[in-house]
Structures are given as C-alpha cells and as structure tokens.
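The values are calculated or read from the model by the stated rules, or taken from the named source; none is laboratory data. As the structure is a computational prediction, the values presented were derived from the model and not from experiment. Using ideal geometry, Cβ is built from the backbone for each residue, glycine included, and neighbour counts are taken over all protein chains shown.
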Amino acid sequence: MNKPKVLIFNAEETEATMGTGGWVKRVVTKANSGLDFTFSVAELRPGGGHAWHTHETQDEAIFIISGQGAVSIEGHGEIPYHAGMAMVVPRGTKHQNVNTGSETVKLITMFNPALM
C-alpha cells in the first residue's frame, strides 16, 4: 500500500515579493507542490494595503493573524476586520485590502485553484 506523500514548506525560506504597503510570500504554489491551490503569508504595514483588483478564476480565503484593517468589496462598501477573523472573496469579485490600524497586519491567504 502506498502512503500519501506529505509536503513540507518553510515560509522563512520563501522569498518575499515587496510592495508599497508590505510583502507577500507564496509559500505553497502549484509549481512547487503540484497541487491546485496557493498558500501565502503576508504583512501590511499601518496605512498599507493593495490596489483594487480581481482574481477572475480563483476564490480567495483570508485569515487575519494579527492587526486590524478593512477589505472593500465593489458594490458592498468597506468591511472592517481584526485578528481571528476569516473571510472568503469569491472569484471575480473586485476588492481592496488596507491596514487601518497602528500595528502590522499579519495574514494568511489561500487561493483555489492555484494562482498562475
């Protein structure tokens, strides 16, 4: 009987993509795992965030580890969040995420299917 293969990744060994409001590390990708999802960790500095965008073919799940901010959803306004909250942004939904607090927001994201 074949045992399932377990894959292990270390965020500390993953290169960060820097942005104007923080950074993101794509820890698990289709390229490095062969699986059809993406797992990322990210930080947003106070006042930082990312521009309005849409993931046309991916659902995005976000879990807030620490800090507070707001996600804006086109047509639905701004939704505040804080540590311990999770949210799902369905594919094709235009959104923006901003750190509205005084401490760094630390978060985890998962995309299904994987980002390309």
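Some points to look at:
- Of the criteria (1) under 11 Å from the mean Cα position of the chain (by Cα); (2) at pLDDT below 95; (3) not charged (D, E, K, R), which one residue 18 fails: (1)
- Of the criteria (1) exposed (fewer than 14 other Cβ atoms within 10 Å of the Cβ); (2) within 12 Å of the chain's Cα centre (by Cα); (3) aromatic (Phe, Trp, Tyr), which one residue 39 fails: (1)
- Odd one out for residue 36, checked against (1) modelled with pLDDT under 95; (2) among the charged types (D, E, K, R); (3) in contact with a helix residue (DSSP H, G or I) (Cβ under 7 Å, 6 or more places away or on another chain): (1)
- Test: residue in the stretch 88-97 that is under 26 Å from residue 12 (Cβ atoms) and surrounded by 12 or more Cβ atoms within 10 Å (Cβ to Cβ): yes
- Verdict on residue 71 being of a type in the set (A, V, I, L, M, F, W, C), in contact with a strand residue (DSSP E or B) (Cβ under 6 Å, 6 or more places away or on another chain) and over 19 Å from residue 95 (Cβ atoms): no
- All positions within the stretch 42-59 that are exposed (fewer than 15 other Cβ atoms within 10 Å of the Cβ) and more than 20 Å from residue 90 (Cβ to Cβ): 47
- Some residue of the stretch 65-88 being out of contact with any Phe, Trp or Tyr (no Cβ under 8 Å at 6 or more places or on another chain) and among the aromatic types (Phe, Trp, Tyr): yes
- Any hit, the stretch 60-69, residues being of a type outside the set (Gly, Ala, Ser), surrounded by 15 or more Cβ atoms within 10 Å (Cβ to Cβ), more than 28 Å from residue 6 (Cα to Cα) and at pLDDT 95 or above: yes
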